[in-house]
Amino acid sequence: MILPVLHLIITIAAEENFESQVRAASLVVLLYDLTVEKAKNRVDSFWLPKISSINNKIPVIIAGNKKDLVKKEVNLKEFIDPLVRQYSQIDTGIIISTKYHEDMADFLYCAQRAVLYPIYPLFNQSMKELRPKYVSALERIFRMCDSNHDKYLDDEELKSMQEIALSGTLTNDDINSLKELLIGEVHFLLNKSSASIIEKKKRRKD
């Protein structure tokens with residue numbers, strides 16, 4: 001497998017060529033000090049607005065460093081989720097320790113994935129929905145594989161789609177496993193929706 005040449009940049013905002021470097025980069029990693037509250041606050045108040053104003057499509061990974069010095073558990077989800085709703089280019093967040101190489105393998109995997117298989121062109125993380133062009137592409141693939149035009153994909157059409165779209169093969173066991181997974185997800189979503197409706201009704205009564 002031949003990997004593309006990536007533009008690696010180590011820079012700070014004060015450098016004169018910061019903007020040109022961000023435009024040329026394949027990925028931005030915002031590394032902040034977990035032990036300094038001001039550094040965390042500047043991710044939202046300074047760094048993300050600045051990067052977004054230069055290039056609002058470049059994938060961004062937010063990495064909290066010095067994990068080894070933090071005594072209490074870090075609630076990364078609480079910090080990242082509001083940022084993702086505002087900046088859809090954020091790919092992921094991770095807590096690491098560069099000194100002791102803690103979770104560095106996961107960090108490198110996330111960085112490689114963000115460049116080779118970026119989420120931004122396909123999924124709007126702030127809106128939690130697929131992007132229109134991706135939906136159109138999926139619909140076109142579906143129509144191409146729906147050979148009998150009944151608006152459903154039977155087992156043979158699923159196998160054909162796998163071959164056309166992914167140059168792979170699907171066995172009958174694979175298809176059965178996929179169906180079981182989808183049925184389980186549908187039941188989960190229905191139960192979740194029902195629980196939400198019941199909870200809302202209770203609140204109205206109270």
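Criterion applied to 1, 104 was being exposed (fewer than 15 other Cβ atoms within 10 Å of the Cβ), modelled with pLDDT of 90 or more and either under 26 Å from residue 130 (Cβ atoms) or over 16 Å from the mean Cα position of the chain (by Cα) (or both), and the one residue passing it is 104.
From the list 29, 22, the one residue that fits, being buried (at least 17 other Cβ atoms within 10 Å of the Cβ), touching a helix residue (DSSP H, G or I) at 6+ places or on another chain (Cβ under 8 Å) and assigned to a helix (DSSP H, G or I), is 22.
When 94, 141, 62, 164 are screened for being in contact with a Gly (Cβ under 6 Å, 6 or more places away or on another chain) and without any contact (Cβ under 8 Å) to a residue 60 or more places away in the chain, only 62 passes.
Restricting to segment 153-170, name every residue that is assigned to a helix (DSSP H, G or I) and either surrounded by 11 or more Cβ atoms within 10 Å (Cβ to Cβ) or of a type in the set (S, T, N, Q) (or both).
Residues satisfying the conditions are 155, 156, 157, 158, 159, 160, 161, 162, 163, 164, 165.
Among the residues of segment 66-89, just one is assigned to a helix (DSSP H, G or I) and among the polar types (S, T, N, Q), namely 86.
Given the options 83, 34, name the one that is in contact (Cβ under 8 Å) with a residue 24 or more places away in the chain, closer than 19 Å to residue 120 by Cα and either within 15 Å of the chain's Cα centre (by Cα) or surrounded by 14 or more Cβ atoms within 10 Å (Cβ to Cβ) (or both). Result of the check over 83, 34: 83. Taken over segment 126-147, the residue count meeting the criterion of being closer than 30 Å to residue 56 by Cα, assigned to a helix (DSSP H, G or I) and not small (Gly, Ala, Ser) is 8. Screening residue 150 against (1) modelled with pLDDT under 90; (2) over 30 Å from residue 60 (Cβ atoms); (3) assigned to a loop (DSSP other than H, G, I, E, B) leaves a single unmet condition, (1). In this structure, does residue 173 turn out to be exposed (fewer than 10 other Cβ atoms within 10 Å of the Cβ) and either at pLDDT below 85 or hydrophobic (A, V, I, L, M, F, W, C) (or both)? Against the criterion (exposed (fewer than 10 other Cβ atoms within 10 Å of the Cβ) and either at pLDDT below 85 or hydrophobic (A, V, I, L, M, F, W, C) (or both)), residue 173 does not qualify.
Taken as a whole, segment 71-86 holds no residue that is charged (D, E, K, R) and either in contact with a Leu (Cβ under 6 Å, 6 or more places away or on another chain) or within 19 Å of residue 112 (Cα to Cα) (or both).
The values are calculated or read from the model by the stated rules, or taken from the named source; none is laboratory data. Just so it is clear, the structure is predicted and the values come from calculations on it, not from any experiment. FYI the Cβ positions are ideal-geometry reconstructions off the backbone, even for glycines, and counts take in every protein chain you see.
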